[in-house]
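Notes follow once the structure below has been shown.
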Amino acid sequence: MGGSIAAAAGAALFANRRTARTLLTPVLQQREPPPGDGQWLSGMAMGGGGVRRWWLYRPPDARFGERLPLMVMLHGCRQHANVFATSTRMNRIAARERFLVLYPEQDRAANAQGCWNWFDTASGRAYREAASIMSAIDQVCVLYSADRDRIAVAGLSAGASMAALLAIRQPQRFKAVIMHSGIPPGTAHSTLSAVSAMHGGRNTRPLPASPEATGTVLPPLLVIHGREDTVVAPSNAQAAVQVWADATGARGGAQRTVQRGNRYGTEVTDFRRSGRTAATLVDVATLGHAWSGGAAGQAYSDGQGPDASRMAWRFAQRQFEEAA
């Protein structure tokens, strides 16, 4: 009898340990630094949307107090900061080009799938989450000397839509915004309308106010979208650049084809006003709902596409230089 009880207790303990490992493994993976040299730092930011954890990549040769550019990266659904950093490999570019990369992280209590609630404008939740992200940006500017005059924001899918929302709400804070496979602001206002927008079933409303009316200028927009995306309809990419062009008075130029080696080809269209780029659309052939040129073997990442991280940084860098 005693042996049976001991055996049952041992089996239960083993099962509990295995369950604990299963539950804790994703949490521990989130805390592990992505591959590469440099510092992987973390913090917490409080804003209108509550507390959000953030992670910061700092290049290995960054000096104390040195003012470096900041790229804000907003992950997509079913992702967290570590996975997004690993799949996009933005840190590798940051190490070479010497800039900081901030990865705000959505709380699963706010969205079970880890999506940023960019669409929930009717209740104001989208704006409150945007405020929490801005709080994280402000912390990094203070604690790690990020250059407030050289900040860009990029995102994938729901993160792309939140990036655009940040840019139209506080355009003076950003020099560039990059949307990868996202839906433009003004296309949805609730969960139901967001689902319809994902399938290209909704029209995008004009942005709230023009630069002339507000006295501010929208930061230039880069849109990257896969032609074979079955999660977020590619029509959203055209809608994003068009609403940006309409708000800034820009006009589209001739489409040009770009092909590099064996990577997927792209069709690129620039929207310009007075010689300056207001928006650029990069239509990637064959690409689905994935970060173009990302790490192989990662979810929502396609290594065969042109390098979206490199495109995003070069686009942002041009805006930094033009604004200097």
Notebook entry, point to check: Being open to solvent by less than 10 Å² (accessible area, probe 1.4 Å), farther than 27 Å from M311 by Cα and in contact with a Phe, Trp or Tyr (Cβ under 6 Å, 6 or more places away or on another chain), is that true of even one residue in region 163-180?
Noted result: no
Checklist line | Among residues of region 278-324, those that are surrounded by fewer than 16 Cβ atoms within 10 Å (Cβ to Cβ), under 17 Å from the mean Cα position of the chain (by Cα) and free of Cβ contacts under 8 Å to residues at least 60 places away in the same chain, counted | finding: 1
Notebook entry, point to check: Restricting attention to region 153-169, does a residue exist that is closer than 24 Å to P206 by Cβ, out of contact with any Gly (no Cβ under 9 Å at 6 or more places or on another chain) and modelled with pLDDT under 95?
Noted result: yes
Margin query: Among the residues in region 126-135, are any of a type in the set (D, E) and over 16 Å from the mean Cα position of the chain (by Cα)?
Written below: no
Next item on the list: Pairs only if they're at least six apart or on different chains, beta carbon under 8 angstrom, first in region 225-254 and free of Cβ contacts under 8 Å to residues at least 40 places away in the same chain, second of a type in the set (V, I, T) and in a loop (DSSP other than H, G, I, E, B); list them, first residue then second.
Entry: Q242/T204; T248/V217
Notebook entry, point to check: Considering region 253-264 alone, what residues qualify as being in contact with a strand residue (DSSP E or B) (Cβ under 7 Å, 6 or more places away or on another chain) and surrounded by 17 or more Cβ atoms within 10 Å (Cβ to Cβ)?
Noted result: Y264
Notebook entry, point to check: Quick one: what pairs do we get from region 73-86, first residue among the acidic types (D, E), second surrounded by 23 or more Cβ atoms within 10 Å (Cβ to Cβ), C-beta under 6 Å, 6+ apart or different chains?
Noted result: none
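Residue-by-condition table, conditions (1) closer than 29 Å to P60 by Cβ; (2) among the polar types (S, T, N, Q); (3) modelled with pLDDT of 95 or more:
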| site | (1), (2), (3) |
| --- | --- |
| L102 | yes, no, yes |
| D107 | no, no, yes |
| W116 | no, no, yes |
| S123 | no, yes, no |
| R128 | no, no, yes |
| L143 | yes, no, yes |
| D147 | yes, no, yes |
Item checked: Positions within region 40-72 being without any contact (Cβ under 8 Å) to a residue 24 or more places away in the chain and of a type in the set (G, A, S), in sequence order -> S42
Next item on the list: Being charged (D, E, K, R), more than 23 Å from P184 (Cβ to Cβ) and either surrounded by fewer than 23 Cβ atoms within 10 Å (Cβ to Cβ) or touching a strand residue (DSSP E or B) at 6+ places or on another chain (Cβ under 7 Å) (or both) narrows it down to one of R108, R128, R78, so name that one.
Entry: R108
Item checked: Subset of region 53-75 (residues that are in a strand (DSSP E or B), open to solvent by 20 Å² or more (accessible area, probe 1.4 Å) and in contact with a Ser or Thr (Cβ under 7 Å, 6 or more places away or on another chain)) -> R53
Checklist line | Test: D149 is of a type in the set (D, E) and either within 17 Å of T248 (Cα to Cα) or under 19 Å from the mean Cα position of the chain (by Cα) (or both) | finding: no
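The values are calculated or read from the model by the stated rules, or taken from the named source; none is laboratory data. Remember, it's a predicted structure, so these values are computed and weren't measured experimentally. Reconstructed Cβ throughout: ideal geometry from the backbone, glycine too, with neighbour counts over all protein chains shown. With ligands, DNA and RNA removed, areas are computed over all heavy atoms of the protein, side chains included. Shrake-Rupley method; radii C 1.70, N 1.55, O 1.52, S 1.80 Å.
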